[in-house]
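Only one structure is covered here, and it is reproduced in the block below.
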Amino acid sequence: MDQPRVFADFHNADTQGRLRLNCTGTIEDLTRQKIWLQDGQELTLYSEELEVDGVVQYSTDENLWVAVINWDAILEQDNILIQDSKLVG
């Protein structure tokens, strides 16, 4: 996971299942890391307990940026910690 890591609200999905990238935590992470979103950009999206890779798209229906994710590939916090420890060890 070498792409930028950005906060996302996993409860803020559109009708197509894409995560909306408009919550305060997302905007703060994008600003802090000086990331300008663009179509096709890859991000690692996280919350307090979840993490998943996604691809950025612009939603013309809602006039905002979203991320396409695979809901079946979401890692829970316990799984993330286990993977990180394997990388270190």
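Some values worked out for this structure:
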read-out: Test result for Glu28, in contact with a Phe, Trp or Tyr (Cβ under 8 Å, 6 or more places away or on another chain) and not in a loop (DSSP other than H, G, I, E, B); value: yes
read-out: Tally of residues being within 13 Å of the chain's Cα centre (by Cα), in a loop (DSSP other than H, G, I, E, B) and surrounded by fewer than 18 Cβ atoms within 10 Å (Cβ to Cβ) across region 5-25; value: 7
read-out: Residues of region 1-12 satisfying the condition of being over 18 Å from Glu76 (Cα atoms) and either modelled with pLDDT of 95 or more or touching a Cys at 6+ places or on another chain (Cβ under 7 Å) (or both); value: Pro4
read-out: Near pairs, Cβ below 6 angstrom, 6+ apart or cross-chain, from region 5-33 (over 18 Å from Leu50 (Cα atoms)) to any residue that is in a loop (DSSP other than H, G, I, E, B); value: Gln33/Pro4
read-out: Residue ID - modelled with the lowest pLDDT, chosen from residues in region 43-82 that are surrounded by 13 or more Cβ atoms within 10 Å (Cβ to Cβ) and assigned to a helix (DSSP H, G or I); value: Ile80
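The values are calculated or read from the model by the stated rules, or taken from the named source; none is laboratory data. Just so it is clear, the model here is predicted, and its values are computed rather than measured. A quick note on method: Cβ atoms are made from the backbone with ideal geometry, for glycine too, and the neighbour counts reach across all protein chains shown.
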